[in-house]
Structure formats: C-alpha cells, structure tokens
Amino acid sequence: MRIICVNRVLVVGLRLPVGLALAASFGCSGDDGATSTTQATTATETSTSTGTTTVTTSTAGETTGTTVGGSDSDSDSTTSTSTTSPETDTATTGPGAFCGDGTVDEGEECDDGNSEDNDQCTSACLNAVCGDGFVAPGEACDDGNAIDDDECSNDCALASCGDGAVQPGEECDDGNDDDTDACLNTCLNASCGDGVVQVDVEECDDGNDDETDACTSMCAAPTCEDAAKNGDESDVDCGGSCGPCGDGQACAEGVECESGFCNMEICSFAPSCKALLEGNPGATSGVYSLDPDGEGDIEPFDVYCDMETDGGGWTLALKADGTKVTFNYNSTYWQNATLFNADMGDLDRTEAKLETWNSVPFTEVLMGMEQPIGNMGALDLKYVTIPMERPSLYAIFNPGAFVATNIGRDAWKSLITGSSLQTNCNREGFNNAPRTRIGIFSNQENDCNTPDSYIGIGNLNGGCSGVLEARVGNMASCTPDNGNKSLVGFGVLFVR
C-alpha cells in the first residue's frame, strides 16, 4: 500500500486482485476536514495481472486514478480515468426480479409478496378467479373444474337447491321459486301426492291417499263416472252424492241403495216395506223392490210401500175395483196363490194381486177404500187398521174359515162417507160368509143369518127392494141406519 497526498487530498493505493480498485480520500495534514466526506466509487480499469492502484479524489468531486503496474517498477503500467458527476453518486447491483418479490414485474398480473393462494393474488402472481382451484375471498368453493352439477358450481358457489343446476340428490333444479311447475322448490319432480297442485296438470293435490276426501289419489276431484270408489261414495261411483248402489254393492244406509235397503253394509232387497223403513227412516212412499225370502226361490218383486199412513211401513197386497167381478166373494183368487197383474205393483186404480199376498208376514192389515172411484190422479183413500198376525194373507184366506176382527162398527163405516148399515148382528172379520171376504155385515133382525147390509172388499149379493150389489164398497137395505145404499168403491189391502 502506498499513501501520498496530492492537492491536499490523501491518496491511498492498495494492491488488489485484478478487476478491483478502491479509492478513499481523507483530509491531508493541514486540511480543515471540511471535505473529509468518504466517497466510494467504482472504477473501470484495464490492467495486467497485478498492480498498484492509486486513486485521487479532488474536493470538487472529480476523481482520477492512475494505476502503475509492478511492485518496484514503473513499467507495464495501465492508466484509467473515471469521472463521476455529482448527480450519480451510487450504482446498485443484486438478484433479478421474481414472483413473490412484492413488485409486479413483466409477465405478472399481480404480486402481493406472499405465498398465499386463497387471497386476491395467487402464489403464481395471477389474479384470483373462479375455477383456478383456490377458494378466494367471495367464493364458497372452487373445485377447479367446469362441471356444473357437482358439489361446487361453476360460479364457485356450493351446490344448493334452486341454483339452476341438477346436483347429486336432486331430481331437478329449475332455479325458480315457482312450486306449481314441473320442479318443486325442493328440487324434486312434481308428482301427484306431493301436496302441491301442478298447474294445468292436476286439479288438486292434498298430499294423501285418502279417497274419501275432496281430492282423490289421482289428484282429481272425485266424480260419479271415474270408475273408482272415492269422495263420499259407498261403492264405485254410487252412494253418497252419486246415485244409489245396486244389489250387492256396499252401503252405509238404505238411501244409498236402489232397493232402499242396506243390510250389514250391503245393498239388498228388503223383505218388507216395514223392514225397509226401519233401515231407512227417511224412505218415502213409492215403489220398491222387495225379496221376502232373501236367497230363496222367490224372485224380488216391485211393490208400493206406504211410508206415511199410521207410521208407515205398509206393503201393498191387493187392489180391487168394485165395478168388476175379479174379486167378488166367490172369486178363486181369494183362496189360491195365483197372482193377478203381478207387475202392476204401484198404488193406482189397476186391479192386482201381488206377491205380497203369498210371502210377506204381518201383524197388521191396512184396508183402504176410495168412494166414489176417481177417474184421474192419486187414489183418495180412507183407511182402517186391523190387528191380525199371520205368515201371509194366503194363510188367512186359503182355508176359507171365518177369522174374526174387532175394530167396531163405526170404524168400518168410516171407510165411506155417508155409509149405512142395519143395526143388528154387526159381524166383522175375514171370510165373513155369506156376504164379504173382509169387512162387516149387519141385519135388521137380531141374528146374522140373513144380513141385508155390508161394508168391505169381496162382497156378494144385493139387498131388499132391489138395492144393487157393491162388490167393493157399501150396500145397505131393509131399514139401515142411513137409508138404502149401493156405494161402489175401489179397495186396497196392505200388510205390515
């Protein structure tokens, strides 16, 4: 090392490896130190393998350096001069730019100087985006794929019902909150029974399989033509608010049956009008089908039931017209089982002997009389009730024996307005020979051998003084209580 002082500047020369030079200035002896600021510069030189470097720095900031090669000789010297302006006093060198240095360099979208992948700038110096596989702020998930029906959607949102994409566990997903279309808000396909009415597809949907309510399991209102038992029907398309059910179909009450009779929850034919009324208290008067022996040989037949008179439950058995001889006292119809106009079971003015005669048991007989006989409309009947218990009317009339009754003279006379009877005898009953099959006869004498007056059905003979016979009605002669009468009427018999 060589130290010299040049122009009041201390110059130090050091022998350094090739390519390096160091110059430092210090105030020389006698310097007031005003310019003792240390400066470091880099000098560019051309030298041989070894040498001595001399650096001179002036107080004005100009630096010149002279290198003299050789340790003891001035030969082989190389001189280089470097001038540094006051504006540039320092030059820096270091490692090159890289991702993660915190500076956005060429080729980088961002550089936040960290290695986090879940912020806005990834560790690859790329802006975070949905689909990059990293869950960035604002993303619920990011699976790095373009599959929209997995657990993470292409919008980096967790799969959920209503996001418009069908994910595992979902049958559909239409992305709306309309619960009446083909996809429910639960992401299940709309179907009958889901409790939601699908517009233009279902009439109703109550979410149950109860066929007895207002919406069937077919999601339609029950009708009487849908070939199914539903609504308030007791059987398929019958009963309830539909029409009555036929024989053998289910029922809850008689009104649900065509026959009017429900027995053990099955529509069947009642054995009598009384049984029908007991099972169907609301039954009205009219023609019903009856079957007295159930599964027996007698076929069901249609007959009129009076559901009003004296409590109702009366079954029609006979209709007799007093202007005809069909049912006079000597007619064979009284004692045999032969029917007459058996299909004329309605209550009208057509004569008939019905199946009731042979097969309906009873404890009472209802006898009705219309007099005079009307031409049109319903029969205008007056009635008397006769207590009598028998297995059938046939069982009373077939033997032909007299069977007494005891309703009284006045009751019989009440059947016909203005009726008349003689004062004595007054015998009443069935097979009341020789004058009436069912009724009362009287006599002016105090015996019953030659009666000259009667009221009943199935009568025989006229009276004194040419008073004409009344086969049905009232005939009175020989000083009766209301004058001579021949009042022909139309008579009916019911049993209960």
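Nothing in this text is a laboratory measurement; each read-out follows from the coordinates by a stated rule. Owing to the predicted nature of the structure, the values given are computational and were not obtained by experimental measurement. Cβ atoms come from the backbone with ideal geometry, glycine included; neighbour counts cover every protein chain shown.
In this structure the amide hydrogen of D380, modeled in the peptide plane, comes within under 5 Å of the amide hydrogens of G374, none closer than 5 places in sequence on its chain. As a length-normalised measure over Cα pairs under 8 Å and 6 or more apart, the relative contact order of segment 311-495 settles at 25 percent.
Take the Cβ atoms of R349 and D310, set R0 to 30 Å, and the FRET efficiency comes out at 0.85. So, counting K/R as plus one and D/E as minus one, what does the shell of residues with Cβ under 15 Å around S359 add up to? In short, -3.
Bridgeable lysines around K324 (alpha carbons under 16 Å apart, same-chain partners fewer than 8 residues away excluded): K353.
Under a 5 Å amide H cut-off, with hydrogens placed 1.01 Å from N, K485 pairs with A476, S477 among residues at least 5 apart or on other chains.
Look at where the Cα atoms of segment 463-496 and of segment 112-129 average out, and the two centres are 126 Å apart.
Computed from backbone phi, the HN-Hα couplings of segment 370-381 come to 10, 7, x, 6, x, 9, 9, x, 5, 4, 9, 9 Hz, rounded to whole numbers (Karplus: 6.51 cos²θ - 1.76 cosθ + 1.60, θ = phi - 60°; Gly and Pro given as x). 3J(HN,Hα) along segment 142-159: 7, 9, x, 10, 9, 8, 9, 10, 9, 6, 10, 6, 5, 9, 6, 10, 5, 4 Hz, from the Karplus curve 6.51 cos²θ - 1.76 cosθ + 1.60 with θ = phi - 60°, whole Hz, x for Gly and Pro. Taking the average, over residues, of other Cβ atoms within 10 Å as the packing measure, peptides 312-320, 337-345 rank 312-320, 337-345 from highest down.
Restriction of the GluC sites (Glu not before Pro) in segment 145-214 to DSSP coil positions whose beta-carbon has at most 16 other beta-carbons within 10 angstrom yields E151, E171, E203, E211. Taken about its Cα centre, segment 311-495 carries a charge dipole of roughly 160 debye when the Cβ of each Lys and Arg holds +1 and the Cβ of each Asp and Glu holds -1. In this label model, L379 and K324 are separated by 1.3 nm, measuring between points 7 Å along each Cα→Cβ vector.
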